[in-house]
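For reference, the structure is listed below as structure tokens.
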Amino acid sequence: MKKILLLGAGGFVGSHLTIELLKRGGFSLTALDLTHEKLDEGLRRAAQFEIEDTRAEDTSGAINRMVSNIQYVVLDILASEQEAELKSLISEHDTIVNLVAVCNPALYVSDPIYTFDVGFRANLKVFDICAELDKRLIQFSTSEVYGKSPSIYVKDQAFHFNEEESDLIMGPINRHRWIYATGKQLLERIIHAYGIKHDFRYSVIRPFNYIGEMIDYLPSQKEGSPRVFSHFMDALLNSRPMKLVNGGHQKRCYTYIKDATEAHVRIIEREEACDKEIFNVGTNDNETSIRNFAYRMREIYDQEFRLEGQELSPIVDVSGKEFYGEGYDDIDRRLLDNSK
Ligand code: UGA
């Protein structure tokens, strides 16, 4: 039975992936994250959504059975005193799936050093151990490595980012938003170089704006600034303004988390076909400007969820600096070549 170690298994993408692998069976899984609560809550909730989808009776029994088939490990990859434990864990598994990251633009701006420490330093440590022990690595990267769309320089308004051909266009150093993308980009370059030089076995995944159950927290319930869906949802629930950053003309393509998870599982399962490959994962079918996204969410909320007498949120404009602080920059459009 293949032994898989999932690092960052308690997050949005990790918990959906872990539960899907469990559901399919045939793997022995170890799930690692920073805290037990994060793992437990993430995996239990993802299991619950899976089971509700299949309309199984005895939901809580089924969730308990599912979750009891995983080994949990609580460990901070950044902590040097836990490095020996990390190495020993990696040595016991065949495939390492690394989802560790702070996937949150507000943090890239407010704490660029922490973003780099987690996104680059911690991930480099995992890579180094995998290279030393000759373990297959599935590295989650980001669509953000492409940076800005070339349509800001040339007239191609529908430029599709391609894994092998596209240039990676980052903003200036004083827009520290780009520290996340450049850190992940350097990591990809190192992994690629080891692939050529030492036949290191890897696949890199670049997610393009996934959406779905458990995407983020609501800012009114937990301090911080999650991604746009949760900001808009929080505003709607509390009748507060939905804020469009810099007019909301920037566009994103949204992909449902379970469709993305299907792609992740295929990449894990097909080792030979996916070796030394980078994969864009996403769809262009749901492209929307953030402005349209706000109006659409508000319309659906109004029709389906608004309580009687509840005031509908106004939609207002704010600057990037006002919303995120100094150092924010944005990606205008993010279409992908997903032919692979
Ligand atoms: C983020 C991450 O940084 C990426 O690494 C990740 O790949 C991506 O999400 C993802 O989910 O795949 P971004 O697309 O910029 O990148 O994520 P959001 O924070 O959701 O922002 C989307 C757009 O909405 C941005 O233009 C932002 O300025 C805008 N926004 C955000 C608003 O207009 N209002 C808000 O309240 C929040």
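The values are calculated or read from the model by the stated rules, or taken from the named source; none is laboratory data. From a predicted model like this one, the values you see are computed outputs, not experimental measurements. Note that each Cβ is placed from the backbone with ideal geometry, even for glycine, and that neighbours are counted across all protein chains shown. We work out accessible area using only protein heavy atoms, side chains counted, and drop any ligands, DNA or RNA first. Shrake-Rupley method; radii C 1.70, N 1.55, O 1.52, S 1.80 Å.
Kindly check whether there is at least one residue in region 249-264 that is open to solvent by 50 Å² or more (accessible area, probe 1.4 Å), of a type outside the set (Val, Ile, Thr) and more than 30 Å from residue 110 (Cβ to Cβ).
yes
Quick test for you: out of 33, 58, pick the one residue that is open to solvent by 60 Å² or more (accessible area, probe 1.4 Å) and farther than 30 Å from residue 320 by Cβ.
Exactly one residue qualifies, and that residue is 58.
Is region 16-38 home to any residue that is part of a helix (DSSP H, G or I), of a type in the set (Val, Ile, Thr) and in contact with a Leu (Cβ under 8 Å, 6 or more places away or on another chain)?
Yes, some residue in region 16-38 is part of a helix (DSSP H, G or I), of a type in the set (Val, Ile, Thr) and in contact with a Leu (Cβ under 8 Å, 6 or more places away or on another chain).
Filtering region 296-332 down to residues that are more than 12 Å from the ligand (Cβ to nearest atom) and surrounded by 13 or more Cβ atoms within 10 Å (Cβ to Cβ), which residue is farthest from the chain's Cα centre (by Cα)?
Restricting to residues being more than 12 Å from the ligand (Cβ to nearest atom) and surrounded by 13 or more Cβ atoms within 10 Å (Cβ to Cβ), the top hit is 310.
Give just the number: which of (1) surrounded by 17 or more Cβ atoms within 10 Å (Cβ to Cβ); (2) more than 17 Å from the chain's Cα centre (by Cα); (3) more than 24 Å from residue 315 (Cβ to Cβ) does residue 206 not satisfy?
With (1) surrounded by 17 or more Cβ atoms within 10 Å (Cβ to Cβ); (2) more than 17 Å from the chain's Cα centre (by Cα); (3) more than 24 Å from residue 315 (Cβ to Cβ) applied to residue 206, the lone miss is (2).
Just the residues that are open to solvent by less than 50 Å² (accessible area, probe 1.4 Å), in contact (Cβ under 8 Å) with a residue 60 or more places away in the chain and either more than 13 Å from the ligand (Cβ to nearest atom) or over 18 Å from the mean Cα position of the chain (by Cα) (or both), please, taken from region 168-186.
Listed by number, the list holds a single entry, 171.
Out of 205, 215, 211, I need the residue that is within 11 Å of the ligand (Cβ to nearest atom), in contact with a Pro (Cβ under 9 Å, 6 or more places away or on another chain), among the aliphatic types (A, V, I, L, M) and under 24 Å from residue 258 (Cβ atoms). Which one?
215
State the number of residues belonging to region 1-30 that are surrounded by fewer than 21 Cβ atoms within 10 Å (Cβ to Cβ) and among the small types (Gly, Ala, Ser).
Of the residues in that region, 3 qualify.
Considering region 53-108 alone, what residues qualify as being more than 15 Å from residue 32 (Cβ to Cβ), among the hydroxyl-bearing types (Ser, Thr, Tyr) and away from the ligand (no atom under 16 Å from the Cβ)?
54, 59, 60, 68, 80, listed by residue number.
Would you mind stating whether residue 247 is on the phi > 0 side of the Ramachandran plot and within 10 Å of the ligand (Cβ to nearest atom)?
Here the answer is yes, as residue 247 does meet what is asked.
So is residue 29 over 19 Å from the mean Cα position of the chain (by Cα) and not acidic (Asp, Glu) or not?
Yes; evaluated as a whole, the condition is true for this residue.
Where the second residue is part of a helix (DSSP H, G or I) and at pLDDT below 95 and the first is open to solvent by less than 40 Å² (accessible area, probe 1.4 Å) and lies in region 222-240, which pairs have Cβ atoms under 7 Å and are six or more apart or on separate chains?
Close Cβ pairs satisfying both conditions: 225/106.
Conditions: (1) touching a Ser or Thr at 6+ places or on another chain (Cβ under 7 Å); (2) within 13 Å of the ligand (Cβ to nearest atom). Residue 289 meets all but one. Number of the miss?
With (1) touching a Ser or Thr at 6+ places or on another chain (Cβ under 7 Å); (2) within 13 Å of the ligand (Cβ to nearest atom) applied to residue 289, the lone miss is (1).
With 262, 272 as the choices, which residue is away from the ligand (no atom under 14 Å from the Cβ) and farther than 21 Å from residue 11 by Cα?
Result of the check over 262, 272: 272.
Scan 251, 340, 258 and give me the residue that is closer than 22 Å to residue 188 by Cα and within 23 Å of the chain's Cα centre (by Cα).
Going through 251, 340, 258 in turn, just one is closer than 22 Å to residue 188 by Cα and within 23 Å of the chain's Cα centre (by Cα): 340.
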